[in-house]
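The values are calculated or read from the model by the stated rules, or taken from the named source; none is laboratory data. A quick note: this is a predicted structure, and the numbers were derived from the prediction, not measured. Positions of Cβ are backbone-derived with ideal geometry, glycine not excepted, and every protein chain shown enters the neighbour counts. For accessibility, only protein heavy atoms count, side chains too; no ligands or nucleic acids. Shrake-Rupley method; radii C 1.70, N 1.55, O 1.52, S 1.80 Å.
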Amino acid sequence: RIFYPRLTNCRTAGNVFSKTDGAAYSPACAGGMIGEIGGYNGALADCSAEGNVAAETSDDPHSHAYAGGLVGRLGSARFVNCRATGDISALAPSKEAESFAGGIAGMTRSDSAITNCYAVSRIVDNASVNKHWGALVGSSERIEFVNAHWLYVAESGAEYAEGYNADMGVPAGAGAVKHTAIEEFYDLADVLNEGQETPAWEHKTENALPTLISQRD
């Protein structure tokens, strides 16, 4: 658990798994970069996470599961020029518990924003009853999408960019861009760079996903 993080130019690769020990009110938080941001006003810029992320609880009715490509659960944060790839799974088998899964974040509790980012993720369907799953964010209270992109995967448990928004007057994922083919990402760097004084994205090779210039090998 991290409070008030300010992460810049961070990169992770590998699979992450979190499971509760069965204690009551013990959540499972898993993220490709951070499991949980305990405070508010976090910031992640030029960050990349590659790998599968899974969170699993016991059958305790008060233990929820949070899984996100970058962060599992957070108060609020700004994501700028970030990317995440891999399968995301949040399993809460109790009928009373809830599962939250998103390509960027599992759940955010307050004002957040995802800007010039993308996720190419599959939300793994499972036996959870109360599901909040989104291609970018599983659940939120007031989140803004600006030039944020996501891939629709037929076998994914996520049908929209955002699984649930506390402001029911806002469509799930308003402002995010849906793509139906991976090939649409192969020339996305120019789009992600729009409006930025200094370009942040490039394609290393033809037919490749956008990568961060700051993370050149």
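Quick check, is D87 of a type in the set (D, E), in contact with a strand residue (DSSP E or B) (Cβ under 6 Å, 6 or more places away or on another chain) and within 16 Å of L136 (Cβ to Cβ)? Taking the combined requirement at face value, the residue satisfies it. Of all the listed residues (R73, R78), the sole one being modelled with pLDDT of 95 or more, closer than 19 Å to W201 by Cα and basic (K, R) is R78. Among the residues making up region 48-91, a single one is over 18 Å from V120 (Cα atoms), open to solvent by less than 10 Å² (accessible area, probe 1.4 Å) and out of contact with any Phe, Trp or Tyr (no Cβ under 9 Å at 6 or more places or on another chain): T57. Of the numbered criteria (1) part of a loop (DSSP other than H, G, I, E, B); (2) among the polar types (S, T, N, Q); (3) in contact (Cβ under 8 Å) with a residue 12 or more places away in the chain, the one S214 fails is (1). Scanning region 25-75 for residues that are at positive phi and free of Cβ contacts under 8 Å to residues at least 40 places away in the same chain yields Y25, N41, G51.
Within region 125-206, which strands (runs of 3 or more DSSP E) (wholly inside it) include 2 or more residues that are hydrophobic (A, V, I, L, M, F, W, C), at pLDDT 95 or above and surrounded by 15 or more Cβ atoms within 10 Å (Cβ to Cβ)? Spell out the reasoning first.
Numbers: elements: 130-134, 137-140, 143-151, 162-165, 176-179.
Where strands (runs of 3 or more DSSP E) fall fully within region 125-206 and carry at least 2 residues being hydrophobic (A, V, I, L, M, F, W, C), at pLDDT 95 or above and surrounded by 15 or more Cβ atoms within 10 Å (Cβ to Cβ), they are 143-151, 176-179.
Mind checking which residues of region 181-209 are small (G, A, S) and under 23 Å from S156 (Cα atoms)? The answer is A181, A208. For region 103-124, the candidate set comprises residues that are of a type in the set (A, V, I, L, M) and within 20 Å of E184 (Cα to Cα); within that set, the residue that is surrounded by the fewest Cβ atoms within 10 Å (Cβ to Cβ) is V120. So, in region 8-19, of the ones that are open to solvent by less than 70 Å² (accessible area, probe 1.4 Å) and within 16 Å of R73 (Cβ to Cβ), which residue ends up nearest to the chain's Cα centre (by Cα)? Checked region 8-19; the qualifying residue nearest to the chain's Cα centre (by Cα) is V16.
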